[in-house]
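Chemist: Can you keep this structure in mind? I'll have questions shortly.
The values are calculated or read from the model by the stated rules, or taken from the named source; none is laboratory data. For clarity, every value in this text was computed on a predicted model and none was experimentally measured. Every residue, glycine as well, gets a Cβ built from its backbone with ideal geometry; the counts of neighbours run over all protein chains shown.
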Amino acid sequence: MDKRYWVGFNLVKGIGAVRLQALKDHFGDLEIAWQAPQDALQAAGLSPKLAERVAQVRASVDLDKYLAQVAAQGIHILTWEDALYPPRLKEIEQPPPVLYARGELTTEDFWAVAIVGTRRVTAYGRQVTEELASFLASNGVTVVSGLARGVDAIAHQSALKGGGRTLAVLGSGVDRVYPPEHLQLAEKMMSSGALLSDYAPGTPPDASNFPPRNRIISGLSMATVVVEAGETSGALITAQFAVDQGREVFAVPGNILAPQSKGTNRLIAQGARPMLSGRDLLDILNLTRVTQQRQVRKVLPADEIEASLLNVLTHEPLHVDEIRNQTGLPIERVSATLTMMELKGLVRQVGGMNFVAVREEQAAYLAGEAEKE
């Protein structure tokens, strides 16, 4: 796949997921769209001003040279069409068409939890963050945050100390670490995780960039945990994105008189789950068997029976009896195979012997990785 044109459109301010998809649909190919004259771009739905911006970027940027510069900085580019594009992120509304990464994303990051909170963290918030991030990391769960001062940085540091992986989503280009005092932390993260951004390299850390990037933090994660947050904290924006994306939100209960707990206590009052222990979080998210899932995953690709079950399973819950009816397989074979597939992370039981499939891109990618081994 030629990524030049994905990057080219990413450099045009105002072209995001919706407009890029419209261009793909209209022209059938991004290379054709990139080379199209302005009137053709307008016919595809771009405003005259936006079509002019495309023309300006096209005339001023040598995409081959730009990509060479990006690669020279050790920056990887992921698009919707890449196998390693995070499958959970792809599920959200308007996922970023292009992600820039320094470090490495792996299939292990499928099991991820976001930990976010105030920059003005208290001793209590620090302790909770350290214990939770270390616990998750030691249990094979990737910790996601935003590299900001306070809770974010503590979460990243503690995940690394716990021997786990951690991802930071930046409000700048991945070559512009902010705040600058976290440069050393960022470098450590790149050996056990990655720095991510949908902003092109060289983009400065403008204040307006940070709220939108929070949708990526929550989008990468099965759940978002807010440790401490004031009434106007950016962590509350991340929590709202998580709600909108259908992801779990946990909040750490705090002193009702402490400013840093006003936001988290309000989240609990509004329906967020109280975060009382890391073990509770693992149980609720069905993450108690992450290590087993990774070990058993190596036996992929799936056999014919697993393939048959995957053919009938979707994201809508399906009862084991209906699975048996649709596949024509004996119930004991269906039950045994579903148990093994759940260990692999291919399916998930959602209660009452109802099952759903893990996102298809993830299963396909895992199967491809197993074939290489």
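Chemist: Of (1) over 22 Å from the mean Cα position of the chain (by Cα); (2) assigned to a helix (DSSP H, G or I); (3) modelled with pLDDT under 95, Gln127 satisfies all except one. Which?
Modeler: So Gln127 meets the others, but not (3).
Chemist: Further question: Being modelled with pLDDT of 85 or more and touching a helix residue (DSSP H, G or I) at 6+ places or on another chain (Cβ under 6 Å) narrows it down to one of Val312, Val296, so name that one. Full working, then the answer.
Modeler: Details: Val296 fails: modelled with pLDDT of 85 or more.
Residue meeting the stated conditions: Val312.
Chemist: Applying the selection to the range 228-271, what residues are surrounded by fewer than 23 Cβ atoms within 10 Å (Cβ to Cβ), assigned to a loop (DSSP other than H, G, I, E, B), on the phi < 0 side of the Ramachandran plot and within 22 Å of the chain's Cα centre (by Cα)?
Modeler: Listed by number, the residues that qualify are Gln245, Arg247.
Chemist: Give the residue, chosen from Arg149, Arg119, that is outside any strand (DSSP E or B) and touching a Gly at 6+ places or on another chain (Cβ under 6 Å). Please lay out each step first, then the result.
Modeler: Working: Arg149 fails: touching a Gly at 6+ places or on another chain (Cβ under 6 Å).
Residue meeting the stated conditions: Arg119.
Chemist: Still on this structure, I have one more. Is at least one residue of the range 32-47 surrounded by 13 or more Cβ atoms within 10 Å (Cβ to Cβ) and under 23 Å from Lys90 (Cα atoms)?
Modeler: yes
Chemist: For Val54, only one of the following conditions fails: (1) surrounded by fewer than 17 Cβ atoms within 10 Å (Cβ to Cβ); (2) assigned by TED's automatic domain parsing to the domain that holds Phe9. What is its number?
Modeler: (1)
Chemist: Would a scan of the range 345-363 turn up a residue that is touching a Phe, Trp or Tyr at 6+ places or on another chain (Cβ under 6 Å), of a type in the set (A, V, I, L, M) and at pLDDT 75 or above?
Modeler: yes
Chemist: Anything in the range 202-227 that is over 13 Å from the mean Cα position of the chain (by Cα) and modelled with pLDDT of 95 or more? List them, or say none. Break it down into steps so the answer makes sense when it comes.
Modeler: Applying the first criterion (over 13 Å from the mean Cα position of the chain (by Cα)) to the range 202-227 yields 202-212, 225-227.
Val225, Val226, Val227 - these are the residues of the range 202-227 that are over 13 Å from the mean Cα position of the chain (by Cα) and modelled with pLDDT of 95 or more.
Chemist: Could you check, for the range 39-54, whether at least one of its residues is more than 19 Å from Gly173 (Cβ to Cβ), assigned to a helix (DSSP H, G or I) and in contact (Cβ under 8 Å) with a residue 60 or more places away in the chain?
Modeler: Looking through the range 39-54, none of the residues is more than 19 Å from Gly173 (Cβ to Cβ), assigned to a helix (DSSP H, G or I) and in contact (Cβ under 8 Å) with a residue 60 or more places away in the chain.
Chemist: Taking the conditions exactly as written (hydrophobic (A, V, I, L, M, F, W, C), touching a Lys or Arg at 6+ places or on another chain (Cβ under 8 Å) and either closer than 25 Å to Gly246 by Cα or not assigned by TED's automatic domain parsing to the domain that holds Val143 (or both)), does Trp34 satisfy them or not?
Modeler: yes
Chemist: Continuing with this model, one more query. Residue under question is Arg165, and the condition is that it be among the basic types (Lys, Arg), surrounded by fewer than 24 Cβ atoms within 10 Å (Cβ to Cβ) and either under 22 Å from Phe250 (Cβ atoms) or more than 16 Å from the chain's Cα centre (by Cα) (or both); does it hold?
Modeler: It is false that Arg165 is among the basic types (Lys, Arg), surrounded by fewer than 24 Cβ atoms within 10 Å (Cβ to Cβ) and either under 22 Å from Phe250 (Cβ atoms) or more than 16 Å from the chain's Cα centre (by Cα) (or both).
Chemist: Any idea which of Gly28, Gly8 is in contact with a Phe, Trp or Tyr (Cβ under 8 Å, 6 or more places away or on another chain), over 28 Å from Phe250 (Cα atoms) and of a type outside the set (Asp, Glu)? Step through it out loud before you land on a result.
Modeler: Working: Gly28 fails: in contact with a Phe, Trp or Tyr (Cβ under 8 Å, 6 or more places away or on another chain).
Answer to the check: Gly8.
Chemist: Something else about it: Restricted to the range 83-124, and to residues that are β-branched (Val, Ile, Thr) and within 10 Å of the chain's Cα centre (by Cα), which residue is nearest to Lys262 (Cα to Cα)? Before the answer, list the steps.
Modeler: Kept after step one, since they are β-branched (Val, Ile, Thr), are these residues of the range 83-124: 92, 98, 106-107, 113, 115-116, 118, 121-122.
If we keep only those that are within 10 Å of the chain's Cα centre (by Cα) too, we end up with 92, 113.
Values: Ile92: 28, Val113: 22 Å.
So the residue we want is Val113.
Chemist: Would you pick out the residues in the range 179-198 that are outside any helix (DSSP H, G or I) and surrounded by fewer than 21 Cβ atoms within 10 Å (Cβ to Cβ)?
Modeler: First, the residues of the range 179-198 that are outside any helix (DSSP H, G or I): 179, 190-198.
Answer for the range 179-198, where residues must be outside any helix (DSSP H, G or I) and surrounded by fewer than 21 Cβ atoms within 10 Å (Cβ to Cβ): Pro179, Met190, Ser191, Ser192.
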